[in-house]
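Notes follow once the structure below has been shown.
Every number in this text was worked out from the coordinates using simple rules, so none of it is lab data. Being a predicted model, the structure only gives us computed values, none of them experimental. Cβ sites come from the backbone with ideal geometry, for glycine too, and all protein chains shown count toward neighbours.
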Amino acid sequence: VPVMSRAEAVLCRSAPWRLFARRVVLPWALSGHRLTGRVLEIGGGSGAMADTVLRTHPETTELTVVDLDPGMVRSAGRRLAPFGGRADAEVADVTSLPFDGDGFDVVLSFLMLHHVIDWRDALAEAARVLRPGGRLVGYDLCRSGPAVAFHRADRSAVSMITPDELRSGLEAVGLVPASVRRSRGGLVMRFDAHKPPPA
Ligand SMILES: C[S@@+](CC[C@H](N)C(=O)[O-])C[C@H]1O[C@@H](n2cnc3c(N)ncnc32)[C@H](O)[C@@H]1O
C-alpha cells in the first residue's frame, strides 16, 4: 500500500536525500534531544533516520520503525539488520498502532504526518503508546504554497497542517507542546511535546 507517489518514494530513498536528512535534518529536528530507552519511529520509510539514530544514540536501547508501505518496511529491515535485537521494522498504520499503551519513551515522526489524512488520529496513537513523561519529537511540512503545489503536481493525497493546527492537535490528545516552531523560510516545522503524568 504505497502512500507516497512514485516520485516522492524515489526521492525519499535516494542517496542525496538520505545524506542530507542524516547530516542536516536529523540534528536540526532533534535539536539536542537525547533519545533514551525504547523509541518508536512512525512512518519511518526506508529506515535512514533510524539507522542514524542507532549509530549516534547509544542510549537508545530499542528502536521500532513502523510504516504502512511493506516495500519501505523491507528496505528498513535490511538497513537495520546490523543492529540485531536493538532494531525492528514492521508494517503498521500509525492511526492504529499494534502496541500496548505507555510502552515507549520517545516517539519520532519525521516528514510523515502530512501523508496521514487523519493526522489527529496519528497524534492520539502516539500519545497512547508514550509512557507518562515520554516525548513526541519530529518535523513536518507546513501548509505553504510550495508544499501544496509539489503534492498537487505529484497527485498524492496529503493533509497540510499549520503550526497552530498542530499545536491544538497535540493539546487535544493530551500532549503538552514544548515547542512547535516554523523553520526560517517557513516550509517545515519542528515540534516537541511530552505526555504529562496522570493527575
Ligand atoms: C516522506 S516519507 C518519510 C520517511 C522517513 N520518516 C524519512 O524521514 O526519511 C513518509 C512515510 O510515511 C509513511 N506513511 C504514510 N502514511 C502512513 C500511515 N498511515 N501509517 C504508517 N506510515 C505511513 C509512508 O509510507 C512513507 O514511508
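Over every Cα atom in the chain, the radius of gyration and the widest Cα-Cα span, Dmax, amount to 15.5, 47 Å.
Take every pair of alpha-carbon atoms less than 8 Å apart whose residues are at least six positions apart; their mean separation over the length of the chain yields a relative contact order of 19 percent. For the pair the stretch 5-57 and the stretch 166-199, the centres of their Cα atoms are 19 angstrom apart. Backbone phi angles across the stretch 162-169, fed through the Karplus curve with coefficients 6.51, -1.76 and 1.60 (θ = phi - 60°), yield HN-Hα couplings of 9, x, 5, 5, 5, 4, 5, x Hz in residue order; Gly and Pro are listed as x. The string of couplings for the stretch 40-56 from the Karplus curve (6.51, -1.76, 1.60, θ = phi - 60°) is 10, 9, 8, x, x, x, 7, x, 5, 5, 4, 4, 5, 4, 5, 6, 9 Hz, one whole number per residue in order, with x for Gly and Pro.
Near the amide H of CYS142, within less than 5 Å, lie the amide hydrogens of VAL188, MET189, all on another chain or at least 5 residues away, with H placed in the peptide plane. Sequentially through the stretch 9-16, phi angles give Karplus couplings (6.51, -1.76, 1.60; θ = phi - 60°) of 4, 5, 4, 4, 8, 6, 4, x Hz, Gly and Pro residues having no value and appearing as x.
Among LEU113, LEU40, LEU19, which one shows the highest mean-square fluctuation when the chain is modelled as a Gaussian network with alpha-carbon springs under 10 Å? The residue with the greatest mean-square fluctuation here is LEU19.
Could you compute the net charge surrounding ASP192? Neighbours are other residues with a C-beta less than 9 Å from the C-beta of ASP192; K and R count +1, D and E count -1. Around ASP192, the charge tally is +3.
Here the spin labels are modelled as points 7 Å beyond Cα on the Cα-Cβ line, and at LEU19 and ASP88 they lie 3.4 nm apart. When the helices of the chain are scored as -39500 (n - 2.57) per DSSP H run of n ≥ 4 and the total is divided over every residue, the value at 222 nm lands at -10000 deg cm²/dmol.
Placing pseudo-labels 7 Å out from each Cα toward the beta carbon at VAL10 and SER168 gives an inter-label distance of 3.9 nm.
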